[in-house]
Amino acid sequence: MTVRARGQALDLELVFTIDRTVRTRDVDDRRAPGSPMTFLQLGGEYRVTGTVGDRAVDFTARGAAETFR
């Protein structure tokens, strides 16, 4: 998954490489009765590169993301 952030003094790219997934099926989503959803928990490594102001950014870190499908 890749996310780009750009602004007046910001230009970053975040790449998330997923290496673990936990899937919970049939989650009761009260916003859509009768339409069960799957909850995904994702683990992996983030790689962030770019600039903030005049400062270069370049690092990796372990992280997570969650979403419904």
- [ ] Over the chain, with every protein chain in place, what whole percent of the accessible area is carbon and sulfur at 1.4 Å, could you tell me?
- [x] 49 percent
Task: Overall Cα dimensions of the chain, principal axis frame, Å, largest first - done: 51, 26, 12
- [ ] May I ask for the net charge around Arg20, where only other residues with Cβ less than 15 Å from the Cβ of Arg20 are counted and Lys, Arg are +1 while Asp, Glu are -1?
- [x] -1
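The values are calculated or read from the model by the stated rules, or taken from the named source; none is laboratory data. Computed from a prediction, not measured in an experiment: that's the story for all the values here. Positions of Cβ are generated from backbone atoms using ideal geometry, with glycine treated the same way; all protein chains shown enter the neighbour counts. SASA here: full protein model, heavy atoms, side chains in, ligands and nucleic acids out. Shrake-Rupley method; radii C 1.70, N 1.55, O 1.52, S 1.80 Å.
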